[in-house]
Amino acid sequence: MNQAFCKITKKKINRVINFGKMPIANGFLKKKDFKNEFFFNLSVSFSEKLSLLQLDDHPSPKKMFHTHYPFYTSSSNHMKMHFKQYSDWAKKKFLKKNKSKIVEIGSNDGTFLMNFNQNQFDVLGFEPSKNVSDLAKINGINSLNRFFNRKNLSECEGFIGKTDVIFGANVVCHIPNLAEFIKTADLLLNDNGKIIFEEPYLGSMYNKTSYDQIYDEHIFIFSITSIKKIFDLFDFELIDAIQQKTHGGSMRYVLQRKRSRVVNKKIRSMLENEKRKHLDSIEGALRFKKNCELSKEKLLEKIYKIKKQKKQICGYGATSKSTTILNYCDIGPNLIDCIFDTTPDKIGKFSPGKHIPIIDHKYFKRKFYDYSFLFAWNHRKEIEKKEKKYLKNGGKWITHL
Ligand code: SAH
Ligand code: TMP
């Protein structure tokens, strides 16, 4: 494999893990499209200068975010509740004045922005995937079907220099050109403006060895240290970081234009904590690599043992994350019969790369599987509650974690 370069500094960096040939994580497909399926090589590198874990290669954003993006925020009731709480917190802390202007990037079907009364707030969403952007419009949201970049600001001039807060969730790690993201935000924000976003957290991924957080859309897995170092380059300061339970462990970051050279006490102590855990250096990344290899070995051992006993396994939750597990561990329909899911755009199709059929979740209750691989492990509570009878009937949930 050729040399890796940091996406921000453009300097040479060290490659850490190669997960091998991967399809588009959300590229659920029909049988007729198997022969034209797109693959790329999924590998990650670590920049010591920015303490940043990044993908080396990825499909172009237009290949991932288009007219049929199959992920809908509203597919999880728990996430709907989370976004209500996120909005309540932000209103109290940052949006006290009448007619505050707020922007969300990656606003998807409008789940977060629907918490802001359109008479009290001036709301704008940037959402490049047309199907979900259209749904947000139906939900009454001012959703611009565009990527968030300077070129597209001509379509929302009223927000330039006047925006109070730019929000995001599970989207900043999807943006390959972070410099462009920050420069666009800088143009939109007013003097006191804030950027607030939450993303899967490197520390949680290391703790759980949840390597399935690594897939084409997640170009970066951030830590407090990497966010601080990246935004420092553009004269923004990190003023708060708040741990979240969502998506297996996330971090919410609050940033503003730099006012002080002094790092506040809370952030300083969080940075020291990350240093102790080796999140800032390649040492942590190399330990994670070893744990990924061990996790793969253990998972395959577990699955082959079950199959030897002639038991049947299905999957539950056709997540984008499952694409990394299935392809990295080479698990196909010979081992997992099918995957149950609630998403209409996935049902009736096949999983990317390994081509396991995706079945409507309502059939989960009709046929008994001895083991269910919970690919949507981050929604465990919600799903176990919904499927209480499965355990009662002797079914067992398994995961790679
Ligand atoms: N914020 C939602 C959706 C996350 S999925 C949630 O947390 O549930 C990521 C979303 O970001 C997708 O809807 C995708 O189309 C969108 N997206 C990807 N790149 C983007 C970019 N450069 N600008 C704005 N939105 C983007
Ligand atoms: P996510 O992990 O990226 O949020 O994706 C969750 C996937 O799991 C999505 O395809 C919807 C599916 N799902 C179910 O099938 N049943 C459920 O109860 C939940 C919460 C999600």
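The values are calculated or read from the model by the stated rules, or taken from the named source; none is laboratory data. Here the structure is a predicted model, which is why all the values come from computation and not from measurement. Quick reminder, even Gly has a Cβ in these numbers, built from the backbone with ideal geometry, and neighbours come from all protein chains shown. Side chains are part of the model used for accessible areas, which takes the heavy atoms of the whole protein and leaves out ligands, DNA and RNA. Shrake-Rupley method; radii C 1.70, N 1.55, O 1.52, S 1.80 Å.
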Of all residues making up region 188-202, the number that are in contact with a Leu (Cβ under 8 Å, 6 or more places away or on another chain) and open to solvent by 10 Å² or more (accessible area, probe 1.4 Å)
1
Please name all residue pairs, on different chains or six or more residues apart, with Cβ atoms under 6 Å, provided the first residue is in region 302-330 and is part of a helix (DSSP H, G or I) and the second residue is of a type in the set (D, E, K, R) and near ligand 2 (Cβ under 10 Å from one of its atoms).
Lys321/Asp212; Thr324/Asp212; Ile325/Asp212
Which residues, counting only those in region 271-313, are farther than 22 Å from Lys229 by Cα and among the acidic types (Asp, Glu)?
Glu293, Glu297, Glu301
Kindly establish whether Ile175 is crowded, with 20+ Cβ neighbours inside 10 Å and in contact with a His (Cβ under 6 Å, 6 or more places away or on another chain).
no
Out of the residues in region 293-315 meeting the condition of being more than 26 Å from Asn18 (Cα to Cα) and in contact with a helix residue (DSSP H, G or I) (Cβ under 9 Å, 6 or more places away or on another chain), tell me which one is farthest from ligand 1 (Cβ to nearest atom).
Gln312
Would a scan of region 112-134 turn up a residue that is away from ligand 2 (no atom under 16 Å from the Cβ), in contact with a helix residue (DSSP H, G or I) (Cβ under 6 Å, 6 or more places away or on another chain) and in a loop (DSSP other than H, G, I, E, B)?
yes
When only residues in region 216-234 that are touching a strand residue (DSSP E or B) at 6+ places or on another chain (Cβ under 7 Å) and of a type in the set (Phe, Trp, Tyr) count, which is nearest to Lys194 (Cα to Cα)?
Phe231
Mind listing just one residue for me: the one in region 211-246 that is farther than 19 Å from His58 by Cβ and within 14 Å of ligand 2 (Cβ to nearest atom) and, of those, surrounded by the most Cβ atoms within 10 Å (Cβ to Cβ)?
Thr246
